[in-house]
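Please read the structure below before turning to the comments.
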Amino acid sequence: MGERSNHEIQLAPGACSVLEALVTLIDVLEPPEPEPCDQLSVDPRILPMSTGRVYLDRVLGGGLRAGTVTLVEAGHAHDTRPLLVDLALHAPHHVLFAGGHALELTAVLLAAAARVPTAEFSRAELTEESWSRVANTIGQFADRDIWVTERRSAAGLRVDIHSADADVLVIDDLARIGEPSRALRTMRQLAAETTTAVVAGCGPLGEDGLSSHPSVVRVAFEEGDLPGRNVLVRADETDLLRVEDVLVDPVTEALN
């Protein structure tokens with residue numbers, strides 16, 4: 001800006017107002033547009049995707065990662081459903097939830113969001129207050145991109161991932177895809193091909209080459225020492241434990 005000289009300032013012959021002269025002066029003194037430069041691009045697959053839940057993000061080292069599979073292991077696969085439902089409801093991403101019947105999954109998600117026990121909801125035995133909660137909650141789903149699917153095959157899930165433009169695929173039970181080791185291999189391939197973060201609930205898998213692959217994150221979901229609390233445990237690459245307490249409220253417990 002300081003390199004310009006006064007002779008570069010051009011005004012029309014004759015008298016002009018100070019205001020006109022100031023406008024001309026400012027135009028001349030305005031710094032030039034910066035030259036375009038190549039910016040370093042960051043591969044989004046290396047950045048963590050928040051789950052919307054601080055406790056889960058902490059255990060996962062910042063969140064989910066595209067192209068990877070996160071296994072949530074418990075004594076029984078159905079014990080992981082409250083955590084997976086919570087993830088589907090709060091993750092600030094496009095979520096595809098794969099489980100049983102689509103209407104059943106929808107009822108589970110709606111009941112959890114409205115904080116109404118699923119059993120009470122499925123039997124249509126809701127109180128007036130519960131119905132009011134459900135009605136108010138339905139509107140919230142208009143602002144969220146949550147899809148449900150009954151598909152079990154990798155080919156079908158691939159189609160639905162593209163249809164939903166899903167960032168996160170949540171699988172209610174890995175065993176519904178097939179035998180756990182084979183299903184895990186399939187989900188690893190699907191995550192890599194679609195750059196989707198896959199989260200699946202499962203029972204104990206034990207130690208094998210597939211579950212110890214770098215693209216697989218294993219998190220244990222266990223009962224805590226205090227009533228109503230569960231614990232998330234993850235052993236990271238340096239064999240250090242990351243542990244977070246998870247409060248399970250009565251409504252969440254009713255999802256089991």
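Coordinate-derived values only; no laboratory data. The shown structure was predicted, so the numbers you read here are calculated from the model rather than taken from an experiment. Virtual Cβ from ideal backbone geometry, glycine too; neighbours counted across all protein chains shown.
Using DSSP to call loops (not H, G, I, E or B), can you name the GluC sites (Glu not before Pro) in the range 134-223 whose Cβ has at most 11 other Cβ atoms within 10 angstrom?
Within the range 134-223, the qualifying GluC sites (Glu not before Pro) (loop, at most 11 other Cβ atoms within 10 Å) are E207.
Read phi for every residue in the range 174-185 and hand back ³J(HN,Hα) as whole Hz from Karplus 6.51 cos²θ - 1.76 cosθ + 1.60, θ = phi - 60°, with x for Gly and Pro.
Each residue of the range 174-185 in turn: 4, 5, 6, 7, x, 4, x, 5, 5, 5, 5, 4 Hz.
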